[in-house]
Amino acid sequence: MDKEISDKIKKKASELGLLDCGISTASYLAEERPRLEKWLNQGMHGEMSYMARNVDMRLNPQLIFEGAKSVISVLLNYYPKEKQQNDDAPVLSKYAYGKDYHFVLKDKLNQLLTFIQEEIAPCNGRPFVDSAPVLDKAWAAKAGLGWIGKNTNLISVEHGSFFFIGELIIDLELEPDKKVVPDYCGKCTRCIDACPTQAIVAPQRVDARRCISYQTIELKGELDESLKNQFQDRVFGCDICQDVCPWNLKSEPHQEPDFEPHPRLLELSQKEWMEMDRPLFNELFRKSAVKRTKFEGLKRNLQFISSSD
């Protein structure tokens, strides 16, 4: 397949409101295996047992989608126009302000697949948005969309890192991007220095067990008492390592209506957060990623940070 076809796909991705798009050949990610296995062997995935399953599938797209020939990686901006207004209120990760990104991004990927099938060539494909064993950051880097920073986030030269990553794996051979983005982190250690729980234990290695996002979202049961007083009021997710990254000075507000927050959300006071009941939770987070932790999980998180003083 020639470059003209790949360019058509990227143009359509842009029309769908996607921030960037890159293409790579669906081949085995051999270079990722040692890093992934070391992280798992050290137990840094915590209770995320699904990370230890299907290791071969994570590295080989042929095992997750039969006949896979190309991986189309896309980015979707979620950097908000406005942030929470009360400095003393519990802090919600920016990615959770609006509608759950799984649905928004998967819908765009399905539209992109339909375009390819109707306008390029008949093919089969499957979209992935954090819903299967796919190493999304590795594929995005391979497609030339950025590099993996010291905080393990994909960083784009043009856009920073406040974006979601999704993939469309198809059985159509496309011209892959040859672009390789070098590691521009250099000697900067702002993300490592700023992490209040010291979760970034080495460049490009995060101990999930110490990560505020893992604690407030993934962890079931009680939060780690040894991390008391270290959450900096984060109640769901954490943006600290991204907020301090110089590359995010390039971040511009998204234009995605689905990511607009509920009108009341950004105005909530500390008191309103702490006294939140189930009806208000359901009103504010009806279609939000916050539903993942459920009402009980959010109350657990609120209790943890309120008793940290």
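The values are calculated or read from the model by the stated rules, or taken from the named source; none is laboratory data. Small disclaimer: the values here were computed from a predicted structure and weren't measured. Note that we place each Cβ from the backbone using ideal geometry, even for glycine, and neighbour counts take in every protein chain shown.
Sub-6 Å Cβ pairs linking a first residue in region 216-244 that is closer than 30 Å to residue 160 by Cα and in contact (Cβ under 8 Å) with a residue 12 or more places away in the chain to a second residue that is part of a strand (DSSP E or B) and of a type in the set (Phe, Trp, Tyr), at least 6 apart or interchain, are 216/236, ordered by first then second residue.
Scanning region 124-144 for residues that are outside any helix (DSSP H, G or I) and either within 21 Å of residue 66 (Cβ to Cβ) or outside the structural domain of residue 56 (by TED's automatic domain parsing) (or both) turns up 124, 125, 126, 127, 128, 129, 131, 132, 133, 134, 135. The lone criterion from (1) in contact (Cβ under 8 Å) with a residue 40 or more places away in the chain; (2) surrounded by fewer than 15 Cβ atoms within 10 Å (Cβ to Cβ) left unmet by residue 300 is number (2). If a residue has to be of a type outside the set (A, V, I, L, M), exposed (fewer than 15 other Cβ atoms within 10 Å of the Cβ) and assigned to a loop (DSSP other than H, G, I, E, B) to count, how many in region 175-207 make the cut? Within region 175-207, residues that are of a type outside the set (A, V, I, L, M), exposed (fewer than 15 other Cβ atoms within 10 Å of the Cβ) and assigned to a loop (DSSP other than H, G, I, E, B) number 9. With respect to being surrounded by 21 or more Cβ atoms within 10 Å (Cβ to Cβ) and not assigned by TED's automatic domain parsing to the domain that holds residue 205, residue 34 falls outside the description. Screening residue 237 with (1) more than 17 Å from the chain's Cα centre (by Cα); (2) under 23 Å from residue 215 (Cα atoms) gives one miss only, at (1). For residue 13, the stated conditions hold: it is in a helix (DSSP H, G or I) and of a type in the set (A, V, I, L, M, F, W, C).
Listed residues 29, 36, 18, 59; which is under 22 Å from residue 155 (Cα atoms) and at pLDDT 95 or above? Walk me through how you get there before you give the answer.
On the way: 29 fails: at pLDDT 95 or above; 36 fails: at pLDDT 95 or above; 59 fails: at pLDDT 95 or above.
Within the list 29, 36, 18, 59, the selection yields 18.
When residue 210 is tested against (1) touching a Ser or Thr at 6+ places or on another chain (Cβ under 8 Å); (2) at pLDDT below 95, exactly one condition is not met: (2). Tally the residues that are modelled with pLDDT under 95 and either among the polar types (S, T, N, Q) or buried (at least 16 other Cβ atoms within 10 Å of the Cβ) (or both), restricting the search to region 122-131. Residues meeting the conditions: 1. Taking the criterion of being within 15 Å of residue 305 (Cα to Cα) and basic (Lys, Arg), the residues of region 211-258 that qualify are 228, 234. If you filter region 112-154 down to residues that are in contact (Cβ under 8 Å) with a residue 40 or more places away in the chain and among the polar types (S, T, N, Q), you find that the one that is nearest to residue 63 (Cα to Cα) is 124.
If only residues of region 36-56 that are touching a residue at least 24 places away in the same chain (Cβ under 8 Å) and among the charged types (D, E, K, R) are counted, the one that is farthest from residue 139 (Cα to Cα) is 47.
Among 206, 157, which is the only one that is hydrophobic (A, V, I, L, M, F, W, C), farther than 26 Å from residue 49 by Cα and in contact (Cβ under 8 Å) with a residue 12 or more places away in the chain?
157
Restricting region 208-227 to residues that are acidic (Asp, Glu) and over 20 Å from the mean Cα position of the chain (by Cα), the residue that is surrounded by the most Cβ atoms within 10 Å (Cβ to Cβ) is 224.
Of all the numbered requirements in (1) within 21 Å of residue 24 (Cα to Cα); (2) at pLDDT 95 or above; (3) surrounded by fewer than 17 Cβ atoms within 10 Å (Cβ to Cβ), residue 146 misses one, and that requirement is (3).
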